[in-house]
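Q: My questions will all concern the structure given below.
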Amino acid sequence: MTQTTTSPTSLTRPERLDRLRFSRKHLKLLTGSGVGWALDAMDVGLISFILATLIKQWGMSPGQGSVIASAGFLGMAVGASVGGLLADRIGRRTVFALTLVVYGVATGVSALTPAPSETIGVWTAVLILSGLRLLVGLGLGAELPVASTLVSEYSPAAIRGRIIVLLEAFWAVGWVAAALIAYFLVPASEAGWRWAFALGAIPALYAIVIRRGLPESVRFLERRGRTDEAEAVVRSFETDQGIDPVPSPAAEETAPPTVSALFSAEFRGRTIALWLVWFGVNFAYYGAFIWMPTLLVNAGFPLVRSFGFTLIITVAQLPGYAVSAFLIEKWGRRATLATFLLGSAVSAIAFGLAPNETLILVAGCCLSFFNLGAWGALYAVTPEIYPTTMRGTGSGGSAAFGRLASIIAPLVVPVLVTAGGLPLVFIVLSAAFAMATVAAIMLPEWRGRQLEET
């Protein structure tokens, strides 16, 4: 028995999606995208622990470690930009699957990187691994904004922000997995870091599931003139909830946008504000967490103990996401994002000035809580403030600009450590959070509103 809908026949397909309840199909989309997101986080998290190990095993300098870290983020910057453009041209789901293959294979091959020897110098090994990390970054950078765009376009308007924060919460799951692998596997043998990289090949297999199991964006299908496919997908969601489908009018086919459209008179203000938030959050997050195991080792903690501390701090990400997911539909996107960024700024200073182990751990957990809650809110905000025709491009462009900061941060942190130790590092990171807080206040508020179509 199906219920008869009383909705007017003029409802567009996006409006029909917005009126739905959260269902098992939404859950499948959320978890399918979220597992890919978690695998991404596992890869990024692993490199932070592996760097701490390779600095000891290979006799690398912090500067050489910075080259490896920044190479991955350079790839992410390029990947985010190109991936967003491709998502508006060939589809969200297709790009999502391709990116998983690229970074999964490159991470697996990283396990075969030759170690320094009589025939291979340290710099040669560093450059080989850096080249592979560049490829990893290409896939990783393209995947994140594309996945959030796809899930955002299917989420009911009333809970869209909450769903995207929950998607971002899978990042914490992946980072915790990385911390567990690092704690138990990496120190277990000299080849532990190789086995950790080998696990990164899992996304290449998961891409098959992604490609076959997830729907393409209805809004993308409409804009590319594939109306029958769009209608079939919407009907599958409606019939799953017992709603009789009411056909929608045909949508106008539109050409993909260019990056310059982000800086048109209509979008210039929101683009600049969003890019500043992305820059500040990336600089502070990757400056802190990519180097955290190494910074703790430099502060006198044994390698395994520093990994244990980082694991505990990482777990604090999960309640940060939970609180952000609750507040984002209560307070709104802008207030939630600004609050968590401000909390991150205060926590960063507290971490840098903490005088003992207990306060380091407490401040680190607070930094993790607020910082990742801010990430969740930021991913909810980003795809909402652009129309369908440029949503992938807008999300990818902001992520790409933010990745510039993630390239710079790993290079800057060793310099700051030399100049002023942990206090100076985290004062600078706090300033980046503060800048992002001010920029977040300038963003438009989209709570409860339907996504723009043109």
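Q: Out of Ser117, Ser70, I need the residue that is polar (S, T, N, Q) and under 21 Å from Arg403 (Cβ atoms). Which one?
A: Ser70
Q: If the requirement is being surrounded by 23 or more Cβ atoms within 10 Å (Cβ to Cβ) and either small (Gly, Ala, Ser) or not in a helix (DSSP H, G or I) (or both), which of these qualifies: Tyr379, Tyr386?
A: Matching residue, one of Tyr379, Tyr386: Tyr386.
Q: OK, next. Enumerate the pairs (first residue in region 257-286 and farther than 25 Å from Val346 by Cβ; second residue anywhere and exposed (fewer than 13 other Cβ atoms within 10 Å of the Cβ)) with beta-carbon separation below 8 Å, excluding pairs fewer than 6 apart on the same chain, so at least 6 apart or on different chains.
A: What qualifies is Leu262/Arg268.
Q: When residues of region 126-162 are filtered for being open to solvent by 10 Å² or more (accessible area, probe 1.4 Å) and within 15 Å of Gly34 (Cα to Cα), how many remain?
A: Residues in region 126-162 being open to solvent by 10 Å² or more (accessible area, probe 1.4 Å) and within 15 Å of Gly34 (Cα to Cα): 1 in total.
Q: Going by what's in this entry, would Leu274 be described as within 18 Å of Pro444 (Cβ to Cβ), open to solvent by less than 10 Å² (accessible area, probe 1.4 Å) and part of a helix (DSSP H, G or I)?
A: Yes, satisfied.
Q: Report yes if Leu404 is part of a helix (DSSP H, G or I), surrounded by fewer than 20 Cβ atoms within 10 Å (Cβ to Cβ) and at pLDDT 85 or above, otherwise no.
A: Yes.
Q: Still on this structure, please answer the following. For region 207-245, name all the residues that are within 27 Å of Ala142 (Cβ to Cβ), outside any helix (DSSP H, G or I) and either open to solvent by 40 Å² or more (accessible area, probe 1.4 Å) or of a type in the set (Gly, Ala, Ser) (or both).
A: Answer for region 207-245, where residues must be within 27 Å of Ala142 (Cβ to Cβ), outside any helix (DSSP H, G or I) and either open to solvent by 40 Å² or more (accessible area, probe 1.4 Å) or of a type in the set (Gly, Ala, Ser) (or both): Ser217, Arg224, Gly225, Arg226.
Q: Select from region 10-56 the residues that are among the basic types (Lys, Arg) and assigned to a loop (DSSP other than H, G, I, E, B) and write down the one among them that is most open to solvent (accessible area, probe 1.4 Å). Even if it seems obvious, please write down each step before you answer.
A: We begin by selecting, within region 10-56, every residue among the basic types (Lys, Arg); these are 13, 16, 19, 21, 24-25, 28, 56.
Keeping just the survivors that are assigned to a loop (DSSP other than H, G, I, E, B) gives 19, 21.
Numbers: Arg19: 75, Arg21: 137 Å².
Selected residue: Arg21.
Q: Answer yes if at least one residue in region 160-168 is under 26 Å from Ser368 (Cβ atoms) and without any contact (Cβ under 8 Å) to a residue 12 or more places away in the chain, and no otherwise.
A: There is no residue in region 160-168 that is under 26 Å from Ser368 (Cβ atoms) and without any contact (Cβ under 8 Å) to a residue 12 or more places away in the chain.
Q: Here is a follow-up. Would a scan of region 356-376 turn up a residue that is within 24 Å of Val259 (Cα to Cα), within 20 Å of the chain's Cα centre (by Cα) and either at pLDDT below 90 or not acidic (Asp, Glu) (or both)?
A: yes
Residue-wise test of (1) hydrophobic (A, V, I, L, M, F, W, C); (2) in contact with an Asp or Glu (Cβ under 9 Å, 6 or more places away or on another chain); (3) without any contact (Cβ under 8 Å) to a residue 12 or more places away in the chain.
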position: Ala142; (1), (2), (3): yes, no, no
position: Leu150; (1), (2), (3): yes, yes, no
position: Ala158; (1), (2), (3): yes, yes, no
position: Trp171; (1), (2), (3): yes, yes, no
position: Val176; (1), (2), (3): yes, no, no
position: Ala179; (1), (2), (3): yes, no, no
position: Ala198; (1), (2), (3): yes, no, no
position: Arg235; (1), (2), (3): no, no, yes
position: Val246; (1), (2), (3): yes, yes, no
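Q: Without any contact (Cβ under 8 Å) to a residue 24 or more places away in the chain, closer than 21 Å to Ala431 by Cβ and open to solvent by 10 Å² or more (accessible area, probe 1.4 Å): which single residue out of Val346, Val362, Val415 fits that description?
A: So the residue among Val346, Val362, Val415 that is without any contact (Cβ under 8 Å) to a residue 24 or more places away in the chain, closer than 21 Å to Ala431 by Cβ and open to solvent by 10 Å² or more (accessible area, probe 1.4 Å) is Val415.
The values are calculated or read from the model by the stated rules, or taken from the named source; none is laboratory data. Here the structure is a predicted model, which means the values were calculated and not measured. Every residue, glycine among them, receives a Cβ derived from its backbone with ideal geometry; neighbour counts consider all protein chains shown. What goes into the accessible areas is simple: the full protein's heavy atoms, side chains included, and nothing from ligands, DNA or RNA. Shrake-Rupley method; radii C 1.70, N 1.55, O 1.52, S 1.80 Å.
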